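Okay, structure first, notes after.
FYI, it's all coordinate maths here, none of it is from the lab. Predicted, not measured: the structure shown is a model, and the values here were computed from it. Backbone-built Cβ (ideal geometry, glycine too); neighbour counts: all protein chains shown.
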Amino acid sequence: MTQTERITHMERIYDKCTEAVEQLEHAIACFNAQQSDIAELEAYYSSKWRADFSADELGKLPQNLKRGVLSEDGLWNLLEDYARLKKMTGQ
């Protein structure tokens with residue numbers, strides 16, 4: 001590998017790593033910005049979620065209502081993933 005080839009190769013790696021670091025920095029900022037929303041979801045899950053889930057099971061909610069938050073595992077998994085990621089980021 002010539003000196004020019006080596007520098008070109010390293011430049012590609014540098015660009016790729018710079019982009020990855022910038023993307024991660026942005027993702028961490030977005031993650032941190034969701035803390036109050038996560039707290040609100042946690043409060044909902046521990047209080048009103050069961051009643052809303054039951055109403056959905058009984059067909060009392062509109063059919064066209066978006067209800068991802070009522071999936072049996074969806075909200076739980078989100079809250080668990082969030083807690084795991086907080087530990088990973090040292091928060």
(request) Give the residue, chosen from Ala55, Ala51, that is part of a helix (DSSP H, G or I), out of contact with any Pro (no Cβ under 8 Å at 6 or more places or on another chain) and surrounded by 10 or more Cβ atoms within 10 Å (Cβ to Cβ). (result) Ala55
(request) Please state which of the following conditions Ala33 fails to meet, knowing it meets all the rest: (1) more than 27 Å from the chain's Cα centre (by Cα); (2) exposed (fewer than 10 other Cβ atoms within 10 Å of the Cβ). (result) (1)
(request) Within the range 25-36, identify whether any single residue is in contact with a Phe, Trp or Tyr (Cβ under 9 Å, 6 or more places away or on another chain) and either at positive phi or of a type in the set (Ser, Thr, Tyr) (or both), and answer yes or no. (result) no
(request) Exactly one condition in (1) surrounded by 14 or more Cβ atoms within 10 Å (Cβ to Cβ); (2) farther than 24 Å from Leu24 by Cα; (3) in contact (Cβ under 8 Å) with a residue 12 or more places away in the chain is not met by Leu79; state its number. (result) (2)
(request) Please find, among Leu85, Leu24, Leu79, Leu61, the residue that is assigned to a helix (DSSP H, G or I), among the hydrophobic types (A, V, I, L, M, F, W, C) and touching a Leu at 6+ places or on another chain (Cβ under 9 Å). (result) Leu79
(message) If the requirement is being over 19 Å from the mean Cα position of the chain (by Cα) and among the aliphatic types (A, V, I, L, M), which of these qualifies: Ala55, Ala83?
(response) Ala55
